[in-house]
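Structure first, commentary second.
All of the numbers you see were taken from the coordinates with simple rules; none came from a lab. Model, not experiment: these values are computed from the prediction. All Cβ positions, even for glycine, are placed from backbone atoms using ideal geometry, and neighbour counts span all protein chains on display.
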Amino acid sequence: MEQTGGMRARAGVRSGILGIVCNILLAGAKIAAGALSGTLSLLADGVNNLTDCGSNAVSLIGFKVSEKPADSEHPFGHRRAESVAALIVSVIVLAVATELAVQSFERIFAPEAGGFSLLLVLVPAASIAVKLFLFAFNFSLAKRLRSDVLRATALDSLSDCIATAVVLGGMLVTHYTGVVLDGYAGLLVVVFIAFTGVSVLKETVSKLLGSAPDAETVQAIRACVLAFAGARGVHDLTVHSYGTGKLYATVHVEVDAHMPLTEAHDLADAIERAAAEKTGAQLTVHIDPLVYGDERVDRLREEAERAAAAIDPRFRVHDFRVVGGAAHANLVFEVAIPFDCRLSDADVLARLKEALCSREGHTDAVVSVERQNLE
């Protein structure tokens, strides 16, 4: 893990330094050319590159902070610093877009044709080539390291390519047709910049708020648990991400109630070790001892599953128990329902009680309704 962390930090530093150097050179060239020619869209594109330097510096700092080891104040490490850095980058991008939008509208209502020269063509053309290289470089690193901030930086470079192409196209149209498109080209640049900022902001905020884990990770953990012969069922799998490569999870594993306590404990330990090796998740297992092979319990469990499926085929019954004796028994279980189920929890509970308690007058249902992502 330390080697991986060191690799991430080195990749982040390389990306940050390369981005700062390239963006300073591009910003200087565009701002100078835009100011000398009076071309607002090119000047705006140069200012955008200048802010990219700040974004690169933020991402570089974010990488360095994210690789700090866990401490007493942050027992789960600092890996979420990458997401915080991506959040700051997106806010910087949106702030720049707002300022450039104001300037572009002013130029639209007061159009002014700028000068034209070979330099005004070469500067944005060179910028497109450099930004395409930065996009490919950062996107490749982001994919390999699963880095939010590198992905944000790569997408920002791609939007810069499109924005600069718009600027170049606007200048060429103005030169050859006399139609002044400088303000409109600047506004299109703003649209591309803002779109990138909003998309990165939305995704980053979602992760910081605690977005659902990807289906692949969930399935991998479930498969790891069910690979053990003693695991009869799995439910209540919860995965928490504290940044890329920092996954913590809890899960309930159903086992035969007759399994010795020490054997159940050994099973839990084995599952936790296997999950760490195969998925990288630090898994904590809760054992649910259930009765299997009892004719009455198995029959009532099947009735509960049928009753739940009759309401919605996606419903899942787990942790089923029969508490009580022959005169009266409580069917105690949990039912997992999807988040998009339009029935209220109370409606689901009422339907289950009606279906189950009417079949055997001496039974009652004690049901816990849980909304989950059901795969």
| message | Give me the one-decimal nm value for the distance between modelled label points at Arg371 and Asp71, 7 Å along each residue's Cα-to-Cβ direction. | response | 3.9
| query | Which label belongs to the value computed from this structure, given these candidates for Cα extents along the principal axes in Å: (i) 57, 53, 46; (ii) 95, 45, 31; (iii) 69, 43, 39? | reply | (ii)
| message | Quick check on the exposure proxy: order Lys278, Lys246 from fewest to most C-beta atoms within 10 angstrom. | response | Lys278, Lys246
| task | Calculate the length of the line joining the C-alpha centroid of segment 98-177 to that of segment 25-95, in whole Å. | result | 16
| task | Could you give the DSSP H helices of the chain that reach 30 angstrom or more along their long axis (alpha carbon positions) and whose average Kyte-Doolittle hydropathy is no lower than 1.0? | result | 81-109, 118-145, 182-209
| query | Roughly what would the spin-label model give for Val91 and Leu118, points 7 Å off Cα along C-beta, in nm? | reply | 4.6
| note | One finds, for Phe228 and Arg146 with R0 = 30 angstrom and r their Cβ-Cβ distance, a FRET efficiency to the nearest 0.05 of 0.60
| field | Spin-label pair Glu99/Asp347, simplified geometry with 7 Å Cα→Cβ offset, distance in nm | value | 5.2
| task | Could you tell me which GluC sites (Glu not before Pro) in segment 1-100 are loop residues by DSSP with no more than 16 other beta carbons within 10 angstrom of their beta carbon? | result | Glu73
| note | Final fewest-first order of Thr217, Thr39 on the 10 Å Cβ neighbour count is Thr217, Thr39
| request: Could you tell me which GluC sites (Glu not before Pro) in segment 233-281 are loop residues by DSSP with no more than 13 other beta carbons within 10 angstrom of their beta carbon? | output: none
| field | the chain: calculated mean residue ellipticity at 222 nm from DSSP helix runs of at least 4, using -39500 (n - 2.57) | value | -22500 deg cm²/dmol
| FRET efficiency for Leu25 and Asp236, using Cβ-Cβ distance with R0 set to 56 Å, rounded to 0.05 | 0.55
